Amino acid sequence: MNQTSSPRIAFIGGGNMASAIIGGLIGRGVPVDHITVVEPFEAARAALQTKFGITALHTASAALAGQDLVVWAVKPQSFKDAATPVAAHTAQALHLSVAAGITTDSIAQWLGTPRIVRAMPNTPALVGKGMTGLFARPEVNAQGQALIERVIGSTGQFLWVDAEDKLDAVTAMSGSGPAYVFLFLEAMTQAGVDMGLTADQSYQLAVATFQGATELAARSDESASVLRERVTSKGGTTYAAITHMQQTELPQHFIAALRKAEARAKELAAEFGK
């Protein structure tokens, strides 16, 4: 992005996800004077100003007028209250929500515009390795979708879904997914310690194994099941571990856990989208 083509972007909320996107945008050449943040907490405003040199406001004001894009990075329970003072200045803007569970119907009602894209990012965006699911309402044209891709692409990968309710599945898969990986890292680390390795050694082995395996999967044209079978020689060490996991129905329990996350995403929409 260069000075002439860079959009003017306002962030409502200046937490971790907003910081990840802001850092990615600045890294891609968006001028700091094209970025504005509304953040009520003084410490967070100071941190944003120190880290990025951007303008951080305590409350919404006429300074938001003329923005090309407004990114909603607020907690779901705070969205409705935050929308009222912002809506008065941003009717012309495209809106991108990264708030979990809040439907675009609710957002459109609160903001008075249907030009809304809803996103489900995840925390690896903090290191430029995010995965974000995106859904655009019909009122968002190709130019608007391209702008969203430029913004979200600064934090990693993205994919579009054709129905908004599919974002609940995205939430369960990639939105909550990093926590599943961290849980397995915890378990693998503990297993290493139980087998006589140090905690540092165990954690290094576990993290490197996840990094290597996911990179291999990303580069391979073969399915995960084929890749698994290739390292699972019958009667060997991997076979012993995998057989135990299957006998204790670990895969089925894991799938059931993801469906719980999907169900909770639907509950959030009902709870906070009124």
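Taken together, the values in this text are just the output of simple stated rules run on the coordinates, not laboratory data. Predicted model only: the values in this text are computed from it and were never measured. Here Cβ is always computed from backbone atoms with ideal geometry, including for glycine, and neighbour counts include all displayed protein chains.
Amide H to amide H, which residues 5 or more places from Asn122 or on other chains are under 5 Å from it, using H placed in the peptide plane?
Distant-sequence amide H within range of Asn122: Met131.
Report the residue, chosen from Arg230, Arg45, Arg115, that carries the largest GNM mean-square fluctuation when the chain is represented by alpha-carbon nodes joined by springs under 10 Å.
Looking only at Arg230, Arg45, Arg115, the largest GNM fluctuation is found for Arg230.
Translational diffusion coefficient of segment 182-233 at 4 °C, 1.567 mPa s, Stokes-Einstein with Kirkwood Rh over Cα pairs, in µm²/s as a whole number.
Numbers: Rh = 12.0 Å.
My calculation gives 108 µm²/s for D.
In square nanometres, what is the average projected area of the Cα convex hull of the chain? Intermediate results must be reported in sequence, preceding the final value.
On the way: hull surface 67.3 nm².
Dividing the Cα hull surface by four gives the mean projection, 16.8 nm².
Given a Förster radius of 30 Å and the C-beta distance between Asp221 and Ala91 as r, what FRET efficiency does 1/(1 + (r/R0)^6) yield to the nearest 0.05?
Working: r = 47 Å, r/R0 = 1.57.
FRET efficiency, Asp221 to Ala91: 0.05.
Sequence gap at least 6, Cα distance under 8 Å: using those rules, report the relative contact order of segment 177-269 to the nearest whole percent. It would help to have the intermediate numbers written out before the result.
Details: 29 pairs, mean separation 11.1, N = 93.
Rounded, it is 12 percent for segment 177-269.
If you take the alpha carbon radius of gyration of segment 68-150 and divide it by 2.2 N^0.38 Å, what ratio comes out, to two decimals? Don't skip to the end; give the middle numbers.
Working: Rg = 12.4 Å, N = 83, 2.2 N^0.38 = 11.8 Å.
Segment 68-150 yields a ratio of 1.05.
Treating segment 116-274 as a set of equal point scatterers at the Cα positions, no solvent, please give the Debye-formula log₁₀ I(q)/I(0) at q = 0.08, 0.14, 0.15 Å⁻¹.
So the normalised log intensities work out to -0.33, -0.91, -1.01.
Between Ala43 and Ala63, what's the calculated FRET efficiency when r is the beta-carbon distance and R0 is 35 Å? Round to 0.05.
Numbers: r = 21 Å, r/R0 = 0.60.
About 0.95, to the nearest 0.05.
Could you give each residue of segment 253-266 its phi-based ³J(HN,Hα) in whole Hz, using Karplus coefficients 6.51, -1.76, 1.60 with θ = phi - 60°, and x for Gly or Pro?
Couplings: 5, 5, 4, 4, 5, 5, 5, 5, 5, 4, 5, 5, 4, 5 Hz.
Go ahead and estimate [θ] at 222 nm for the chain from helices alone: -39,500 (n - 2.57) per DSSP H run with n ≥ 4, summed, over the residue count, rounded to 500. Show your work: numbers first, answer last.
Numbers: 11 runs with 136 residues, N = 274.
Only helices count here, giving -15500 deg cm²/dmol.
Could you pull out every residue, at least 5 positions away or on a different chain, whose amide H is within less than 5 Å of the one on Leu96? Hs are placed 1.01 Å off N in the peptide plane, and Pro or chain starts have none.
It is Val70, Val71, Trp72, Val117, by chain and number.
Could you sort out which of Lys51/Lys75; Lys129/Lys234; Lys80/Lys129; Lys51/Lys80; Lys80/Lys266; Lys166/Lys260 sit more than 26 Å apart by Cα distance in this structure? Walk me through the numbers before you get to the answer.
Values: Lys51/Lys75 22 Å; Lys129/Lys234 35 Å; Lys80/Lys129 30 Å; Lys51/Lys80 29 Å; Lys80/Lys266 17 Å; Lys166/Lys260 15 Å.
The pairs that break the limit, which is 26 Å between Cα atoms, are Lys129/Lys234; Lys80/Lys129; Lys51/Lys80.
Per-residue HN-Hα couplings for segment 102-119, Karplus 6.51 cos²θ - 1.76 cosθ + 1.60 at θ = phi - 60°, whole Hz, x for Gly and Pro?
Per-residue couplings from phi come out as 7, 6, 5, 4, 5, 5, 4, 5, 6, 9, x, 8, x, 7, 9, 10, 10, 10 Hz.
Which of these, Val161, Val170, Val207, has the largest mean-square fluctuation under a Gaussian network model of the chain (Cα springs below 10 Å)?
It is Val207.
Based on C-alpha coordinates, I'd like the Rg and Dmax of segment 9-167, in Å.
Calculated on Cα positions, Rg and Dmax stand at 14.2, 40 Å.
Please give the net charge around Ala10, taking every other residue with its beta carbon less than 13 angstrom from that of Ala10, where Lys and Arg add +1 and Asp and Glu add -1.
On the way: positive: Arg8; negative: Asp33, Glu39, Asp68.
My count for the surroundings of Ala10 gives -2.
What's the long-distance tail for segment 177-269, i.e. % of Cα pairs beyond 19 Å? Mind dumping the intermediate values first?
Numbers: 2441 of 4278 pairs.
Percent of Cα pairs beyond 19 Å in segment 177-269: 57.
Counting Lys +1, Arg +1, Asp -1, Glu -1, what net charge surrounds Ser97 among other residues with beta carbon under 14 Å of its beta carbon?
On the way: positive: Lys75, Lys80, Arg115, Arg118, Arg137; negative: Asp105, Glu164.
Result for the local shell: +3.
Could you work out the relative contact order of segment 64-179? I mean the mean sequence separation of Cα pairs under 8 Å and 6+ apart, divided by the number of residues, in percent.
Details: 197 pairs, mean separation 25.7, N = 116.
Relative contact order here is 22 percent.
Just Leu69, Leu258, Leu134 to compare: in a GNM of the chain, with alpha carbon springs under 10 Å, which one fluctuates most?
Of Leu69, Leu258, Leu134, the most mobile in the Gaussian network model is Leu258.
Would you kindly derive the ³J(HN,Hα) couplings of segment 146-155 from the backbone phi angles with the Karplus curve 6.51 cos²θ - 1.76 cosθ + 1.60 (θ = phi - 60°), listing them in order in whole Hz, with x for Gly and Pro?
5, 5, 4, 5, 5, 6, 5, x, 6, 10
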